[in-house]
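Derivation of every value follows stated rules applied to the coordinates shown; laboratory data play no part. Just so we're clear, the structure is a prediction, and the values are computed from it rather than from any experiment. Note that each Cβ is placed from the backbone with ideal geometry, even for glycine, and that neighbours are counted across all protein chains shown.
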Amino acid sequence: MNAKVIVVTSGKGGVGKTTTTANIGAALAKLGEKTVVIDVDVGLRNLDVVMGLESRVVFDLIDVIEGKCRLQQALIRDKRVENLYLLPASQTRDKDALDPEIFKTAVQQLLDEEGFDRILIDSPAGIESGFRTAAAPAQGALVVVNPEVSSVRDADRIIGLLEAQQVTEINLVINRLRPKMVASGNMLSEADVLEILGIKPIGIIPEDEGILVSTNVGEPAVLGKTVAGMAFMDTARRLRGENIPFPKLEEDNGFMGRLRRLFGGK
Amino acid sequence: MFSFLNRRRTKDTLKDRLEMVLAYDRAKIAPGKVDALRQDLLEVVKKYFPAEGSSIEVEQRGDTVVLVANIPLEEMQKDATKPQ
């Protein structure tokens, strides 16, 4: 993707926006890009806990915008990954505290003054003001979709709204795919999703218990060796323009499956 | 990172993290700010006591969130009985 500023969105809640933001952000930083992930879910912040940086929050995005601190003071540097930063949302305010135009200025400042290569914006669920503010500074979007009816429908709606907001580079991340169910014909495949939405996926992330384990301890899965973590890493590489084929997905149950992935799973 | 032993305990890690984060959310204060407050308070305390093992934490007690300062006196006694 050429876009430096990318909004991560879905319309529907609970499909994995925050997990995707944390993991793609950490993966991009690992690949050498100076990356900041921004939580725009004012009043319901969660990117801080998913990334395991909650204890280090002092100032937030609203403090920056209201001039209570400098932009740099609100940025939390992730000590585990070089080049990775978090800009947290305020937990005590509501969505009206963030104006789209002022947010755009702050994002521009992150590019110009702090020299970030990539900015990922974690959008709140819904299609109202919170989403519109999150999308305002973005040239690109990652639309997170689960292969099930309401998520695909909402994704289609959000794609239309993104286009209306002049977000030109729109990519799809299919999250929580269950290969066994796809094989038995009880879940939409990537090809089905492509056919319905008309957008090729840039990432396909299998359902993986490892994601819950990694969020329990607050460590993005791309820093470990889970199947989903590797799929997120592949997604980040494709986002950077690398030609990474999609691996054949299989259920992560057996020891042999894990072994096979460890040696040939790239 | 996720060894066999570790995997059984991530739930406990999560509970600890959630208890902490909810205490701060309910108190409407950023965890990092309490960190700064802790440093400042310990500086002041140290002026009067040789309080090495002191800790200051935000805790949830029933319906209220309290700031708890823990300054152990044993440390001071140990110091006092030390031969000069």
Surpassing 24 Å at the alpha-carbon level, of the pairs A:K4/B:K33; A:K12/A:K248; A:K68/A:K104, are A:K4/B:K33; A:K12/A:K248
Averaged across orientations, what area in nm² does the convex hull of the alpha carbons in the range A:5-264 project?
13.1
Between A:L161 and B:D35, how many nm apart are label points set 7 Å from Cα along the C-beta direction?
3.4
Just to confirm a number: summing +1 for Lys and Arg and -1 for Asp and Glu over residues other than A:D154 whose beta-carbon lies under 11 angstrom from that of A:D154, what do you get?
+1
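Could you check what % of the DSSP bridge pairs in the protein assembly as shown are antiparallel, to the nearest 5?
Values: 9 of 37 bridges.
Here the share of antiparallel DSSP bridges comes out near 25 percent.
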Determine the distance separating the Cα centre of the range A:186-211 from the Cα centre of the range B:33-61; give it in Å without decimals.
50
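Provide the gained length on full extension for the span A:E242 to A:D94, in nm with one decimal, where the gain is 0.36 nm per separating residue minus the Cα-Cα distance.
Values: separation 148, 0.36 × 148 = 53.28 nm, distance 3.92 nm.
Here the answer is 49.4 nm.
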Using the charge dipole of the range A:5-264 (Lys, Arg: +1 at Cβ; Asp, Glu: -1 at Cβ; taken about the Cα centre), state which of A:L197, A:L177, A:G67 has its Cα farthest towards the positive end.
A:L177
MRE, 222 nm, helices only [DSSP H, n ≥ 4, -39500 (n - 2.57), over chain A, to nearest 500]:
-11500 deg cm²/dmol
Take the Cα atoms of the range A:86-233, find their three principal axes, and give me the spread along each one in whole Å, biggest first.
49, 36, 29
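Given charges of +1 on the Cβ of Lys and Arg and -1 on the Cβ of Asp and Glu, with all other atoms neutral, how large is the dipole of chain A about its Cα centre, in debye to the nearest 20?
Numbers: 32 positive and 37 negative charges, 158 e Å.
Around 760 debye, computed over chain A.
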For Cα pairs less than 8 Å apart in space and 6+ apart in sequence, what is the mean separation divided by the residue count of chain A, i.e. the relative contact order in percent?
24
Simple spin-label model, 7 Å along Cα-to-Cβ: A:K180 to B:N70 in nm?
4.4
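Please give me the summed charge of the neighbours of A:K12: other residues whose Cβ is under 10 Å from its Cβ, Lys and Arg +1, Asp and Glu -1. Numbers along the way, then the final one.
Values: positive: A:K17, A:R153, A:R157; negative: A:E148, A:D154.
Residues near A:K12 contribute +1 overall.
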Where the only charges are on Cβ atoms (+1 Lys, Arg; -1 Asp, Glu), what is the dipole of the range A:1-151 about its Cα centre, to the nearest 20 debye?
320
Helix axis angle, A:255-264 relative to chain A longest principal axis, alpha carbon, degrees:
70
Which residue, chosen from A:F232, B:P50, A:V7, occupies the Cα position most advanced towards the positive end of the dipole of the protein assembly as shown, where the dipole is computed from +1 (Lys, Arg) and -1 (Asp, Glu) charges on Cβ about the Cα centre?
A:F232
Span from the the range A:90-117 Cα centroid across to the the range A:25-68 one, whole angstrom:
11
Count, for each residue of A:82-92, the Cβ atoms from other chains sitting within 10 Å of its Cβ, then give me the mean as a whole number.
1
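Give the order of B:L67, A:L53 when sorted by the count of other beta carbons within 10 angstrom, beginning with the fewest.
Working: B:L67 14, A:L53 24.
In order of increasing Cβ crowding within 10 Å: B:L67, A:L53.
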